[in-house]
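Read-outs throughout are calculated quantities, based only on the coordinates presented, and are distinct from any laboratory measurement. This is a predicted model, so every value here is computed, not measured.
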Amino acid sequence: MGKRQDKQRAKIDEFMQSELQPGERIVAVLGQSETGANPSIPLLMMLGSLTGGVKWKAFVVTSSRVVVLRVKGGSSVGVREVEESYPKDAVSVTAFAPRPLWSKLVLALGSEPLELNVHQSFRDSAEQFVQALGGVKTAA
């Protein structure tokens with residue numbers, strides 16, 4: 001992991017200490033991802049940032065749940081707040097496409113799929129996150 005990823009992971013670990021339930025442990029962390037337009041297309045990224053269409057999120061898989069965190073974006077590190085929490089068995093990965101710069105990750109949680117862009121610097125943690133949720137699940 002790089003310096004920024006290490007700092008982000010440390011901030012998330014510190015934040016999560018007060019959020020963990022008795023006996024619960026962290027299994028995997030996706031330190032930063034974003035919603036919105038494909039960031040490989042600079043104009044779309046800029047428009048998304050200006051209109052609030054880009055949301056920065058981190059995901060923590062624990063022994064019993066998946067915690068969605070709002071995090072600082074771009075080159076900043078830090079956690080803003082818990083956005084949502086789901087039982088671990090209610091969250092699955094429906095697609096993961098590792099790419100050289102921005103990987104695509106799609107989660108099934110809640111009523112709608114959540115499409116995420118993951119920068120190459122967080123790709124290793126994305127792969128660990130996917131494995132912690134049992135890999136990519138295809139529709140039966």
- Task: Taking H placed 1.01 Å from N in the peptide plane, check which residues at least 5 places from Val66 or on another chain put their amide H under 5 Å from its amide H.
- Result: Tyr86, Lys88
- Task: Quick one: what are the phi-derived ³J(HN,Hα) couplings along the range 59-68, Karplus 6.51/-1.76/1.60 with θ = phi - 60°, whole Hz, x for glycine and proline?
- Result: 10, 10, 8, 10, 5, 10, 8, 10, 9, 9
- Query: Looking at the square roots a ≥ b ≥ c of the eigenvalues of the Cα gyration tensor of the range 68-140, which shape do they give, rounded for a/c under 1.5, prolate if a/b is larger than b/c, or oblate?
  - Reply: oblate
- If the chain between Ser121 and Thr138 were fully stretched, how many nm would it gain, using 0.36 nm times the residue separation less the Cα-Cα distance? 3.5 nm
- Give Lys3/Lys72; Lys57/Lys88; Lys7/Lys57; Lys3/Lys137 a once-over and call out the pairs whose C-alpha atoms are over 22 Å from each other. Lys3/Lys137
- Item | Cut-off under 5 Å, modelled amide H: who pairs with Val136 long-range | none
- Task: For the range 101-109, take each phi angle, set θ = phi - 60°, evaluate the Karplus expression 6.51 cos²θ - 1.76 cosθ + 1.60, and give the result in whole Hz per residue in order, putting x for glycine and proline.
- Result: 10, 10, 8, 9, 10, 10, 10, 9, 8
- Query: Can you list residues whose amide H is under 5 Å from Gly78's amide H, if they're 5+ apart or on another chain and H is modeled 1.01 Å from N?
  - Reply: Lys72
